[in-house]
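A short reminder: the numbers here are calculations on the coordinates, not readings from a lab. Bear in mind the structure is a predicted one, so any value in this text is a computation, not a measurement. Quick reminder, even Gly has a Cβ in these numbers, built from the backbone with ideal geometry, and neighbours come from all protein chains shown.
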Amino acid sequence: MALELDFADKVVVVVGGTSGINRGVAEAYASHGAKVAVASRSQDKVDDTVAALQAAGATQAMGAAFDVRDPQAVADGLAGFHNAFGDFDVLISGAAGNFPALASEMSVNAFKTVIDIDLMGTIHVMKAGYAFLKRPGASIINISAPQAFIPYEGQAHVCAAKAGVDQITRTLSLEWGVEGIRINSVVPGFIDETEGADRLAPTPQARQAVVDSVPLGRMGTKTDMANMCLFLGSDAASYVSGTVINVDGALYQRGSGQFGQQMGAMLRSMSSRG
Ligand code: COA
Ligand code: NAP
């Protein structure tokens, strides 16, 4: 079978799709002719993204503002997309929050906030989207993180949340696979020009330490991530389900490595415990 990346009239929903990696994914689907819907908390970001999707070539584009921590708002938002566009071919869950903080310095609410956005948000999106998925043939893509399988100082909240995301991916690939629904996680490495990378590597020195750690010698791009998500949403990936796929230039074969240690040391130096 030829690699077919024509998404003309396919319905693609990207939750958390109004900036960074996920917006790049939404724009890539738009440029391949899909009907694309995006959601996030900010109506301004939603409106800006919908305009960009139309400019990129989407057959149709729409958006909604909601918080993934509110299951009813997620259900209402996805129902609105389904009413307008019909059954979903591709559902992407990528909303996330992150800040570097040692567990000893983090309030219970700080930890819970990331669990609520990343982990609970993912199950809210998947459960709300379930009734609207094309059967057989739908592809769900959860945007995960290396913290799911690598302990990373200053990231206990994200490690716990994203590990949960990947276990949801694996478990629901069993439960929903029998209905012809595929579910995979994609793990970005350090992706250039994104909020996530800027928060973990905020200085030129930290950024250089990242680049020096990547075997392929560069940070990832939003296009690298979009290409993987296009593949997973296509028929070319019709036998790929239940997997967690790294797009990281082999960085995480090293664990969190020297860069992770440097972040731990930096956070300890700022700690109130001295
Ligand atoms: N260090 C320690 N605790 C922090 C923190 C930091 N840098 N930033 C926020 N918190 C704590 C807050 O103090 C609060 O805890 P408290 O109530 O005990 O004081 C808790 O986290 C929630 O913060 P709040 O600002 O109310 O949350 P929010 O819902 O408005 O925003 C965040 C969520 C904090 C995750 C925010 O950074 C966000 O919206 N992020 C989205 C973008 C993003 O993170 N992109 C990268 C993705 S990888
Ligand atoms: P980003 O630009 O901050 O994107 C996050 C998106 O989620 C935005 O559209 C944001 O829009 C939305 N969002 C955040 N909280 C939300 C909430 N509570 N409800 C609804 N929407 C919410 O981040 P990014 O760096 O591109 O990261 C994208 C994904 O990749 C995340 O899942 C992240 O964990 C993962 N990742 C990124 C990297 C990296 O190098 N950047 C590395 C590993 C993993 P609003 O602000 O409008 O809500």
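Determine the pairs where a residue that is under 24 Å from Ala39 (Cα atoms) and in contact (Cβ under 8 Å) with a residue 12 or more places away in the chain, located within segment 94-109, has a partner that is more than 7 Å from ligand 1 (Cβ to nearest atom) and of a type outside the set (A, V, I, L, M) with Cβ atoms under 6 Å apart, the partner being 6 or more residues away or on another chain.
Gly94/Gly16; Gly94/Asn22; Ala95/Gly16; Ala95/Gly121; Ala96/Asp118
Can you say whether Ala209 is surrounded by 13 or more Cβ atoms within 10 Å (Cβ to Cβ), farther than 17 Å from Ser139 by Cβ and more than 15 Å from ligand 1 (Cβ to nearest atom), as far as the supplied structure shows?
Yes.
Tell me which residues, restricted to segment 137-178, are surrounded by fewer than 17 Cβ atoms within 10 Å (Cβ to Cβ) and at positive phi.
Once the filter is applied, which keeps residues that are surrounded by fewer than 17 Cβ atoms within 10 Å (Cβ to Cβ) and at positive phi, segment 137-178 yields only Gly137.
Being in contact with a Gly (Cβ under 9 Å, 6 or more places away or on another chain) and away from ligand 1 (no atom under 16 Å from the Cβ) is the filter here; which residues of segment 28-47 pass it?
Listed by number, the residues that qualify are Tyr29, Ala30, Ser31, His32, Gly33, Ala34, Lys35, Val36, Ala37, Asp47.
Restricting the search to segment 80-101, which residues are surrounded by fewer than 24 Cβ atoms within 10 Å (Cβ to Cβ) and either in contact with a Cys (Cβ under 6 Å, 6 or more places away or on another chain) or part of a loop (DSSP other than H, G, I, E, B) (or both)?
Gly86, Asp87, Asp89, Gly97, Asn98, Phe99, Pro100, Ala101
Tell me which helices (runs of 4 or more DSSP H) are completely within segment 171-274 and hold 2 or more residues being free of Cβ contacts under 8 Å to residues at least 12 places away in the same chain, or say none if there are none.
204-213, 257-270
Please count how many residues of segment 111-160 are in contact with a His (Cβ under 7 Å, 6 or more places away or on another chain) and in a helix (DSSP H, G or I).
3
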